[in-house]
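Enquirer: I am attaching a structure below and will ask some questions about it afterwards.
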Amino acid sequence: MSVITALAAAAPRHPPQVKEGARSAATVEGGGDAMSQDQTPERAEPAEAELERLRAEVSELRDRHGTERRRRARLLTVRRTLAAVLIALVAVVGVTSVVGLWGARTTLNTDRWVAAVGPLPEDPDVNKAVSTYLAAEIFDQLDVQQRLSEALPPRATFLAAPVTGAVHDYVRESISKLLATDQFESIWKATNRLAHERIVALLEKRSKNVQVSGDTVSLNLLPMVNNVLNSLEAELPSLFGKKLDLPTLKSGELPPGLHERIENALGVQLPEDFAQIRLYDRSELGQLQEAVLLFKRALVGLLIAVPVLLALALWAAPDRRRTLLQLGLWLVVAVTVLTTVLRAVRNQLLDQMPEGVYRDGLQAALWTVFTTLRDRGDQLLWLGVGIAVLMYLIGPGRLPVALRRRTAQGARASGQFAARAGSRITKDKAARPWLARHADVLRVSGAIVAVVIALLLSSWTALFVVGALLAAYEIAITLLARTPGSPPSGEAGRADPAKTGASG
């Protein structure tokens, strides 16, 4: 407004009209030329100065407007960049916290750990690996081939090797059958529970009574070997040449003197680490304890950081829909990268094992233990895909707008079709009574079909969708089965009032 006002003030004004007559003529004829010559320069100078001033003011306003626009553009760029960085951190930190939470709840919780490793002997590859390991441990200590060579006649010593192989296979198969029994399952779970409780107590420095003996922390399978030897003695009494007289163990607790009793029963000198799986060295214990403490603290920080970063990202974002779309995409990227990293770690672990039954058993064990983590990864992946697709579909693009328009048209058409179909059913005098008579059968049939579909799909999403469809179906059957004008169940129709008095 100031510019317009100044321009209007600086505009040349027309001279006022003068009256007709002699005065006007005299002014024009006598002094008009001289007056115009004297006053024109005086009027021109202020007008030019005003024009220059207005031009300067307009230029200043343009510069100020351009500066403001550039400042807003820079601020918008900073906000977009900050929101993009924060939402990427939300995805990465969120996926990392899920992995950390799984690790804490699985590896540091004894009940969950036993639940994770309990089904391992049921896996064929794990069963084969464990039975092969136990059979090899027993045969290496017994030296069966040498004993057979000494027991056979000199001319039949060549049979020692094939007979040893056959006996070894038989022992391995017997151990494999033993691993599938309920007795071994209970011992397996008890052994893992006892070892895990002691290991966690050491790592978390929660128990002063639990100490490390020797240079390594190991998982002792000696109770399992004890029961395996008892089972082999029952099936092959002549295998050991004498009665072993070993105890029958029903828990994973290691009885005192079991190592010496097995040595005496077999008549051999067993190594100190017989039937033991090394977990880590004693020199690594202090580092592992510090790592567990740091892991717990970092996990708490990650769980707090996720909602804080998400709130900051949404606050800084100029377009929250775009930011949530980026969150979905970053979740997909983070889950994919994490899956690749975990697969690489798994391959490194497998490369440390020789090819054959042991590698196959380790691979099957890792697959079983990481089942829950894979499920969480799949859930995060589909969550990211769902968020990205939803934010895209509500956006201003041509394709989302067209899809929304088509969806609305399809919904209206479906509603109109359902309304017409319902109107026809309600008007049909034969269909409605039939629905009323068979309403219970239709309800039960719908529930049965929904249960079968939910069992076949076996997912939370499918269960939710099937439940919603079942509820809509039951409501529709109830509404359509109602007879028009019939009172609700439990209520009697209103009776006509009795007539009293004489008519007329």
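Enquirer: How much area per residue is accessible in segment 290-347 when the probe is 1.4 Å and only protein heavy atoms are counted (Å²)?
Expert: Solvent-accessible surface per residue comes out at 62 Å².
Enquirer: Please report, in whole Å, how far the alpha carbons of segment 336-402 spread along each principal axis, starting with the longest.
Expert: 58, 18, 15
Enquirer: For segment 106-168, would you read off the P(r) tail past 17 Å as a percentage of all alpha carbon pairs?
Expert: Working: 1147 of 1953 pairs.
So the pairs more than 17 Å apart make up 59 percent of the total in segment 106-168.
Enquirer: Right, something else. Distance check, please: which entries in Lys177/Lys243; Lys128/Lys189; Lys189/Lys243 exceed 25 angstrom between their Cα atoms?
Expert: Listed pairs above 25 Å: Lys189/Lys243.
Enquirer: If you stretched the chain out fully between Phe295 and Thr336, how much longer would it get, using 0.36 nm times the residue separation minus the C-alpha to C-alpha distance?
Expert: 12.5 nm
Enquirer: Okay, next question. Let's test the formula: R0 of 45 Å, r as the Cβ-Cβ distance of Leu142 and Ala344. What FRET efficiency results, to the nearest 0.05?
Expert: 0.65
Enquirer: Once R0 is set to 30 Å, what does the formula 1/(1 + (r/R0)^6) return for the Cβ-Cβ distance between Ser423 and Leu469, expressed as a FRET efficiency to the nearest 0.05?
Expert: With R0 = 30 Å, the Cβ-Cβ based efficiency is 0.85.
Enquirer: Can you give me the pair-distance distribution of segment 51-156, C-alpha pairs, 5 Å bins, whole percents?
Expert: Pair shares across the bins are 2, 9, 6, 7, 7, 7, 6, 6, 5, 5, 5, 5, 4, 4, 4, 3, 3, 3, 2, 2, 1, 1, 1, 1, 1, 0, 0.
Enquirer: Trp367 to Arg105: FRET efficiency via 1/(1 + (r/R0)^6), r the Cβ-Cβ distance, R0 22 Å, to the nearest 0.05?
Expert: That gives a FRET efficiency of 0.70.
Enquirer: Put a dot 7 Å past each Cα toward the Cβ at Ala56 and Leu270; how far apart are the dots in nm?
Expert: 10.5
Enquirer: Which value, in Å² rounded to 10, gives the accessible area of Lys243 with a 1.4 Å probe and all protein chains present?
Expert: Estimated to the nearest 10 Å², Lys243 gives 150 Å².
The values are calculated or read from the model by the stated rules, or taken from the named source; none is laboratory data. These figures come from a predicted structure and were not determined experimentally. Methodologically, a virtual Cβ is constructed for each residue, glycine included, from the backbone with ideal geometry; neighbour enumeration extends over all protein chains shown. For accessibility, only protein heavy atoms count, side chains too; no ligands or nucleic acids. Shrake-Rupley method; radii C 1.70, N 1.55, O 1.52, S 1.80 Å.
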